[in-house]
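**Student:** What follows is a structure written as structure tokens; I'll ask about it next.
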Amino acid sequence: MTREELFNHVRGLVEQSIRDGGNEPPEITEATVLLGSGIGLDSLGLATIVVELEEKTGVSPFSGGFVNFTTVGELVTLFHKED
Amino acid sequence: MASQLALVGPDHRQTQEDLAEISGRFIAPSGKLLAIDANDPARVIAALLAPELREADLILVRDWAPLDEAALTNLGVAEAMDENGIVRIISERKATATGGIWLQTSGTTGPPKLVRHDRERLQGRIRQPITEGPARWMLTYHPGSFAGLQVLLTAFPSGQPIVYADRAKLASLSNFPADELPTCISATPTYWRAMLSALGATVQQFPIEIATLGGEIADQPVLDLLAATFPTAKITHVYAATELGVILSVSDRLAGFPESWLDAEREIKVTVRDGMLFVQSPFAAGQTVRAGSSVDAEFAGNWTGTGDLVEIRDGRVFFMGREDSVINVGGQKVFAEDIEQILQRHPAVRDIRIYAVPNPILGTAVAADVVLEGDDLAGLKTFAREHLSRLQIPVKWNVLDTLEMNAAGKKTRKATP
């Protein structure tokens, strides 16, 4: 998966999670702050997205514990495997 | 020095006068039992600070469902303040109130319990943290929880504003005036991760002197993350329970606690039996009541099993999770059986098993192994969102042909690797 494909996949997951919470997602970009910025994503939504990304990419960036990240772009980078 | 006590946040500010107005609504408080909706921090702070309520017993109510009119009357509650701050007179009966604080436990199956702590004793146990600047506390826990109460009682003597920010708007704390930023924060590991994630690098400018973790297992990565973010802060992880009070407080920046604390001559004694941590504390709750019935149990001074499993490695005792089917999701307890019962009602579910899985965001989260009738997993997921509370929703679904049983014919609850 290219980085752009992965970004589009992550964006889809974030938008779906916000919709599942009964909110309309704003435009999601690389710079969108995931938690605490009022976009409608909470820790449970993010936890679910991380599990789905682990299954999809086979990458486990958190196997040694939590690594801090803030934006959608930073999350994509954590899961992006160079081909 | 004039107290500046207030409740401040990015988009709200309640002064001491505003808080006094709320507590002034009670009519005949002294010596009575009062029930207060505890879902608004301002209301809880107002009730705790009011001099005229010092001799009252306060029930901090998070959920009114089990505390209906009949239950309140049974308990001898004189007045109740609802979520809109409206006070109702419940009973003229005199309850013998002497300054207790009653907390609602998250409760296993059966009616939720009320746990009574003596306020003076709670206050007497609190050690003021040593800080260079003013101790400005941030309230991150539910104001009606044991941890929230601890933070408030610790914060009051400083006379400083208490910071409270809606979890969904944590990022806006970065626009907060520097002289009102919190210096002391106690939060669950999940809250800390969410806050550090929301604020990014700007959080390093926060003047944090005290960083405390509670409510969930504090693992080494989260302790290391806090130490790297706030190098000069005192970092402590606390182990406490509503019924038992504060049990352990560990400040060496290492996960777990020293093995030498087991079976030691300490005020609060801890031991391990069959892999579970047991506690004997004189500071445990005086009594526990199930709504509408009599005293259920006395914890103070008695050995009590915590339900928390521990493992001893290299002179250190580590928490490993729960012995029962409680799952601690981001500091909130959920019950595997409750979730199974609800999801079992969906027609596509032939069999289901709910268990805990480690999760980098939530510490532990809920996972489901399910045997389906047909293949409508999407429908089941929608059903789960509609019928479960947020933290009960599985983050991971495995569709299986059959569920593994143990020798006794029971579903095993161990996580599949």
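**Student:** Determine the sum of side-chain charges near B:ASN39: Lys and Arg each +1, Asp and Glu each -1, restricted to other residues whose C-beta is under 11 angstrom from that of B:ASN39.
**Tutor:** -3
**Student:** Shifting gears a bit: Taking beta carbons within 10 Å but only from partner chains, what does the mean come to for residues B:237-247?
**Tutor:** Working: counts 0, 0, 0, 0, 0, 0, 0, 0, 0, 0, 0.
Averaged over the peptide's residues, the number is 0.
**Student:** What residues from segment B:331-351 fall in the zone where the backbone N is under 16 Å from a label point 7 Å along the Cα-to-C-beta line of B:ALA65?
**Tutor:** B:333-343
**Student:** In addition: How high is the relative contact order of chain B, given as a whole-number percent (alpha carbon pairs under 8 Å, six or more residues apart)?
**Tutor:** The value is 11 percent.
**Student:** Additional query: Find the relative contact order for chain A and round it to a whole percent, using C-alpha pairs within less than 8 Å whose residues are 6+ positions apart.
**Tutor:** Contact order relative to length: 39 percent.
**Student:** While we're looking at this one, here's another question. Among DSSP beta bridges whose residues both lie in segment B:7-122, state the antiparallel percentage, nearest 5.
**Tutor:** Of all bridge pairs located within segment B:7-122, approximately 50 percent are antiparallel.
**Student:** Please compare each pair in B:LYS269/B:LYS333; B:LYS113/B:LYS269; A:LYS81/B:LYS169; A:LYS56/B:LYS381; B:LYS333/B:LYS396; B:LYS32/B:LYS269 to a cut-off of 28 Å on the Cα-Cα distance and tell me which ones are over it.
**Tutor:** As for pairs spanning more than 28 Å Cα to Cα, those are A:LYS81/B:LYS169; B:LYS32/B:LYS269.
**Student:** For an R0 of 41 angstrom, estimate the FRET efficiency from the Cβ-Cβ distance between B:SER389 and B:GLN128 and round to the nearest 0.05.
**Tutor:** Between B:SER389 and B:GLN128 the formula returns 0.65.
**Student:** Hey, what's the per residue convex hull volume over the C-alpha atoms of the protein assembly as shown, in cubic angstrom?
**Tutor:** Looking at the protein assembly as shown, the number lands at 170 Å³ per residue.
**Student:** Ranking B:GLU311, A:GLU24, A:GLU52 by Cβ neighbours within 10 Å, fewest first, what do you get?
**Tutor:** Ascending Cβ contact count within 10 Å gives the list A:GLU24, B:GLU311, A:GLU52.
**Student:** Okay, next question. Using the Cα atoms of segment B:326-399, I'd like the radius of gyration and the largest Cα-Cα distance, Dmax, both in angstrom.
**Tutor:** Cα radius of gyration and Dmax of segment B:326-399 are 11.5, 35 Å respectively.
**Student:** Please compute, for peptide B:28-36, the average count of beta-carbon atoms on other protein chains lying within 10 Å of each residue's beta-carbon. Mind showing how you got there, number by number?
**Tutor:** Details: counts 0, 0, 0, 0, 0, 0, 0, 0, 0.
Whole-number average of other-chain Cβ neighbours for B:28-36 is 0.
**Student:** Can you give the alpha-carbon Rg of segment A:3-79 over 2.2 N^0.38 Å, where N counts its residues?
**Tutor:** 1.01
**Student:** Shifting gears a bit: Calculate for chain B the 222 nm mean residue ellipticity that helices alone would give, adding -39,500 (n - 2.57) per DSSP H run of length 4 or more and normalising by residue count, nearest 500 deg cm²/dmol.
**Tutor:** Helices in chain B give a 222 nm mean residue ellipticity of -5500 deg cm²/dmol.
**Student:** While we're on this one: Would you please calculate the Kirkwood hydrodynamic radius of chain B over all C-alpha pairs and express it in Å, rounded to one decimal?
**Tutor:** Radius from the Kirkwood sum: 23.0 Å.
**Student:** Another question, if that's okay. Once the Cα atoms of segment B:310-362 are picked out, what are the Rg and Dmax in Å?
**Tutor:** Final numbers for Rg and Dmax: 14.8, 51 Å.
No value in this document is a laboratory result; all are computed from the given coordinates. Source: prediction; values computed, not measured. Glycine gets a Cβ as well: all are built from the backbone with ideal geometry, and neighbour counts include every protein chain shown.
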